[in-house]
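Notes for the one structure printed next.
Every number here is computed from the coordinates shown, using simple stated rules; none is lab data. Keep in mind it's a predicted model, so treat the numbers as computed, not measured. Counting neighbours? That spans all protein chains shown, and the Cβs are built from the backbone with ideal geometry, glycine included.
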Amino acid sequence: MIKFSRFKLNNGLRVVVHEDKSTPMAVVNVLYDVGSRDESPEKTGFAHLFEHLMFGGSANIPDFDVPIQMAGGENNAFTNNDVTNFYNLLPAKNIEVAFWLESDRMLSLNFDERVLETQRKVVLEEFKETCTDKPYGDVWHHLSGLVYKTHPYRWPTIGSVPQHIEEATMDDVKHFYSSYYAPNNAILVVAGNVNEAQARTLAEKWFGNIPAAKIPKRKLPEEQVQSEFRVKDTTADVPIDAFYMAFRMPGRLHEDYYTIDLISDILCSGSSSRLYRRLLRERELFSHIDCYITGNIDPGLLIIEGKPANGVELATAEAAVWEELQKMREEPLSEKELQKIKNKVESNLIFSESSVLNKAINLAFFEVLGDVGRINQEVDFYRKIQTTDIQRMAQSLLQRDNCSILYYRSKQKAEAAVVTETNYA
């Protein structure tokens, strides 16, 4: 059980406080309710760009790393489809340094052409390293657009094309900042060796005078129900063939979210999971196989990715996966198998809550979901799931007409096959 208190400042900033006297450390975490789903299709990658720009200095702080390091701490950030999150971990006695840092960049970020150009280059280089030059790095560029036709999940967080970041103007950047980086679009979590009175005093002191902004009303297009099997075939400079199967699933607050999460673990979480044990270890059809869910706030995906073993064709490997999915749909799960995976999930949840940093990030996320108290209900959500729930959702979810599949074919393998055929002829 994670104990917390919460309050809201007059400018709309939501504050959540978690006291943990067992650690000498404290976390100041600021989550902004903006992600890549809030971008324009013509200007993607801005949420991720801003993750970098927020470290480019502000009115009173030219370099964010120096003050936090001098205070004995560290800071970092992440961006995804739904949110942008900044965190600071430091000794509790120096916690005010983090309040100063976060409030200054919320109020008066440094809009400097040199900073924009520097961070633009950093983001473009990251795009190149993680998407263009890395084998399978552009998987989400292919898969997102295959699955989503109207919802902004159809482009990855880093952006659909580098040109959108290359062409970003200072006016574009200022507009994005003024639209989303405001106290009434943020959640402040203070966790660790602190108390509510201290957190309230510091929050009022450093954030209380920052004016609220007019936040754009989120009007995301609803994705239509998928009713056909979708396929995309691509040949790329990758070492071996691979495929990615994407099944549409409900969003984070749907009652079946946790059941589908268990299905993904039953299929492929650990050496005794079905796909790993039966297809990789026993039948030796794969060199790698995995199954996971995206965890999006809006309707997301269950993904099965596989790389066939040497000498195994993509079609053979894929057919074996479909056989296992059919068993999930037709054969009732045993109580023993279900309880085993529930125990594993529960232990993982407990382990994730052992870190004060993880607790702060999770509290912020559940607050943005609209009910921070759900953080203490997750174990019960999993415990209530029955074998009949697993089969019901497997029958609904793991259908061919709910699947989009991306094939990666190795260019080297294809060229080698052509040479072999020519020599044989």
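So the values come out like this:
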{"item": "Dipole magnitude of region 230-424, debye to nearest 20 (Cβ charges: Lys/Arg +1, Asp/Glu -1, about Cα centre)", "result": "200"}
{"item": "Cα-only Debye scattering, region 5-207: base-10 log of I(q)/I(0) at q = 0.08, 0.09, 0.13 Å⁻¹", "result": "-0.29, -0.37, -0.74"}
{"item": "Cysteines (scope the chain) whose Cβ has no counterpart Cys Cβ under 4.7 Å", "result": "C131, C403"}
{"item": "Cα-based equivalent ellipsoid of region 230-424: semi-axis lengths in Å, sorted from largest, via gyration tensor", "result": "35, 19, 16"}
{"item": "Positive-end residue of Y258, V238, S227, charge dipole of region 218-258 with Cβ unit charges", "result": "Y258"}
{"item": "Rounded to 5, percent antiparallel among DSSP beta bridges of region 230-424", "result": "75"}
{"item": "Size of charge dipole - region 5-207 - debye, nearest 20, with Cβ of Lys, Arg +1 and Asp, Glu -1, no other charges", "result": "600"}
{"item": "Acute angle (nearest 10 degrees) that the helix 95-107 long axis makes with the longest principal axis of the chain, alpha-carbon atoms", "result": "80"}
{"item": "Given charges at beta-carbon only (K, R positive; D, E negative), |dipole| of the chain in Debye", "result": "920"}
{"item": "Exposure rule at most 14 other beta-carbon atoms within 10 Å, DSSP loop trypsin sites (Lys or Arg not before Pro): the chain longest free segment", "result": "22-148"}
{"item": "Whole-number percent relative contact order across region 25-98, with pairs defined as alpha carbons under 8 Å at least 6 apart", "result": "45"}
{"item": "In degrees, nearest ten, helix 411-424 long axis to first principal axis of the chain (Cα)", "result": "20"}
{"item": "Counting DSSP beta bridges with both ends in the chain, the antiparallel % (nearest 5)", "result": "80"}
{"item": "Options P332, N184, N80, ranked by Cα towards positive dipole end of the chain, top entry (Cβ charges)", "result": "P332"}
{"item": "Selection from L107, H18, S36 lying farthest towards where the dipole of the chain points positive, charges on Cβ", "result": "H18"}
{"item": "Nearest-ten-degree value, helix 335-352 long axis tilted from longest Cα axis of the chain", "result": "30"}
{"item": "Over 18 Å (Cα to Cα) - which of K134/K307; K43/K134; K149/K214; K8/K93 fall in this group", "result": "K43/K134; K149/K214; K8/K93"}
{"item": "Cut-off 16 Å, label 7 Å out along Cα→Cβ of T23, residues of region 317-359 by amide N", "result": "349-359"}
{"item": "Length added when fully stretched, K8-I350, from 0.36 nm per residue minus Cα-Cα", "result": "120.3 nm"}
{"item": "Rg to Rh quotient for region 333-406, alpha carbon positions, Kirkwood Rh", "result": "1.07"}
{"item": "The chain: proportion of alpha-carbon pairs further apart than 41 angstrom, %", "result": "23"}
{"item": "Spatial separation of Cα centroids for region 214-244 and region 248-303, in angstrom", "result": "17"}
